[in-house]
Amino acid sequence: MIQTDILIIGAGPCGLFTVFEAGLLKLRCHLIDALPQPGGQCAEIYPKKPIYDIPAYPSILAGELVDRLMEQAEPFKPGFTLGERAEQIEKDDEDQFIVTTNRGTQHRAPIIAIAGGLGCFEPRKPPVPQLADFEDKGVEYIIKDPEFYRDKKVVISGGGDSALDWTIFLAEGVASEVTLVHRRKEFRGHLDSVQKVMDLAAAGRVRLMTDAEVIGVEGDGQLSSVEIKTKADGNHTIETDHWVPLFGLSPKLGPIADWNLNITKNAVEVDTFDYSTNVPGVYAIGDINTYPGKLKLILCGFHEATLMVQSAFKRIYPDKNLVLKYTTVNGVNGFEG
Ligand SMILES: Cc1cc2nc3c(=O)[nH]c(=O)nc-3n(C[C@H](O)[C@H](O)[C@H](O)COP(=O)(O)OP(=O)(O)OC[C@H]3O[C@@H](n4cnc5c(N)ncnc54)[C@H](O)[C@@H]3O)c2cc1C
């Protein structure tokens, strides 16, 4: 059981900034995110896009913003449960929330901060018969840990940056064999990544199949081969340990919709006094909340996180007096260890 002061559901920019603001009040945080890396939409959807409306940064790449937020949170030693979806919430008899993930990891905290953005990113699944039978038995939609593929045969499908980047990474000394399958000849990813894949294919380190798609999966309980249909020369059966279709992720509110929260149009209603929800002890900040005048901007989520932790502190320590002090006065005194 992971115990913390504020359990943050969602490690997007607003969840990450909460760690800093909570840390200033000596509150510890732990973050859960369904994605394998922190950063939310910034990391998953547009890491290379510049953002122009972060105060004091005339321009910053979204991926770099995530790095800076991680750096800012670091002194406060946040814990992370990544690649797991917060599924269930309940209360124990000491008025603490217990949040359990889809993988059974349990977390306990007096305060929950939902920073779930647009919700969980669900993988777009290709319409291949019997696909569900092989999920986590050779078929994965997200690469959580590339070491999992060491010395394995891997087929990757997709034409975007994710498919290209992982093909390059796995082909450079990780997997024993990498095949990249794409429906078209042209790729949507960065030109330098496309060129790198072409170079690896020319050097015989990637089997590149374009104008092609996986149409079948086979195996005896565990994936052993995929069937690939090509425009040029019919169907091929390729032996493989893994098939990783990387067709993008689409957000869904997911389990949070069943947490007895007041919800309007896929967003959690909050009181703008402190961003509390209708469930005492549960707050919602960032893109996931709604109130009159709401703007889905990172800047607004940062403000919400700052006010929310003040209220959380008062809930945890009702008898302590909280006086606002500037960081220039107090410094940023992180936690040890
Ligand atoms: C293309 C694009 C460009 C943008 N440009 C700008 C810009 O220039 N300026 C700006 O201010 N904003 C911009 N935005 C909006 C900005 O990205 C969002 O406002 C911001 O990401 C919201 O942050 P967040 O932390 O609330 O949520 P998110 O970034 O959405 O992160 C939420 C996280 O919660 C996780 N999650 C959800 N439910 C669960 C669950 N049950 N269990 C575990 N994890 C869960 C998700 O996996 C996700 O990682 C842009 C958005 C897009 C798509």
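The values are calculated or read from the model by the stated rules, or taken from the named source; none is laboratory data. Keep in mind the model is a prediction, meaning the values are calculated, not measured. Note that each Cβ is placed from the backbone with ideal geometry, even for glycine, and that neighbours are counted across all protein chains shown.
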>> I want to confirm something. Restricting to the stretch 288-337 and keeping residues that are of a type in the set (Lys, Arg) and under 28 Å from the mean Cα position of the chain (by Cα), which single residue is farthest from Ile263 (Cα to Cα)?
In response: Lys296
>> Going through Val128, Val178 one at a time, which residue ends up being part of a loop (DSSP other than H, G, I, E, B) and either within 30 Å of Asn289 (Cα to Cα) or touching a residue at least 24 places away in the same chain (Cβ under 8 Å) (or both)?
In response: Val128
> What tally of residues in the stretch 177-198 results from selecting those that are at pLDDT below 95 and surrounded by 15 or more Cβ atoms within 10 Å (Cβ to Cβ)?
Replying inline: 2
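On the given criteria, is Asp136 away from the ligand (no atom under 16 Å from the Cβ), over 28 Å from Trp166 (Cα atoms) and free of Cβ contacts under 8 Å to residues at least 60 places away in the same chain? Can you show your working first?
Values: away from the ligand (no atom under 16 Å from the Cβ): yes; over 28 Å from Trp166 (Cα atoms): no; free of Cβ contacts under 8 Å to residues at least 60 places away in the same chain: yes.
Criteria not met by Asp136.
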>> Criterion first (part of a strand (DSSP E or B) and touching a residue at least 24 places away in the same chain (Cβ under 8 Å)) does Leu208 satisfy it?
In response: yes
>> For the structure I just gave you, tell me whether Thr101 is surrounded by 13 or more Cβ atoms within 10 Å (Cβ to Cβ), more than 19 Å from the chain's Cα centre (by Cα), modelled with pLDDT of 95 or more and of a type outside the set (Gly, Ala, Ser).
In response: no
>> Quick test for you: out of Ile32, Ile6, Ile89, pick the one residue that is near the ligand (Cβ under 9 Å from one of its atoms), surrounded by 18 or more Cβ atoms within 10 Å (Cβ to Cβ), touching a residue at least 40 places away in the same chain (Cβ under 8 Å) and not aromatic (Phe, Trp, Tyr).
In response: Ile32
>> Please determine whether any residue of the stretch 213-220 is surrounded by fewer than 21 Cβ atoms within 10 Å (Cβ to Cβ), within 16 Å of the ligand (Cβ to nearest atom) and farther than 30 Å from Lys314 by Cβ.
In response: no
> Among the residues of the stretch 157-175, which ones are buried (at least 21 other Cβ atoms within 10 Å of the Cβ) and either among the β-branched types (Val, Ile, Thr) or without any contact (Cβ under 8 Å) to a residue 60 or more places away in the chain (or both)?
Replying inline: Gly159, Leu164, Thr167, Leu170, Ala171, Ala175
>> Condition first: among the aliphatic types (A, V, I, L, M), over 23 Å from Val270 (Cα atoms) and in contact (Cβ under 8 Å) with a residue 24 or more places away in the chain. Now tell me which residues in the stretch 298-337 satisfy that.
In response: Val332
> Is it true that Pro255 is of a type outside the set (D, E, K, R), outside any strand (DSSP E or B) and either buried (at least 19 other Cβ atoms within 10 Å of the Cβ) or in contact with a Phe, Trp or Tyr (Cβ under 8 Å, 6 or more places away or on another chain) (or both)?
Replying inline: yes
> For the stretch 303-318, does any single residue satisfy the condition of being within 15 Å of the ligand (Cβ to nearest atom) and in a loop (DSSP other than H, G, I, E, B)?
Replying inline: no
> Scanning for something more than 10 Å from the ligand (Cβ to nearest atom) and under 28 Å from Leu191 (Cβ atoms), does the stretch 44-55 turn up at least one residue?
Replying inline: yes
> Just a yes or no: is a residue in the stretch 239-262 more than 16 Å from the ligand (Cβ to nearest atom), of a type in the set (Val, Ile, Thr) and over 24 Å from Gln88 (Cβ atoms)?
Replying inline: yes
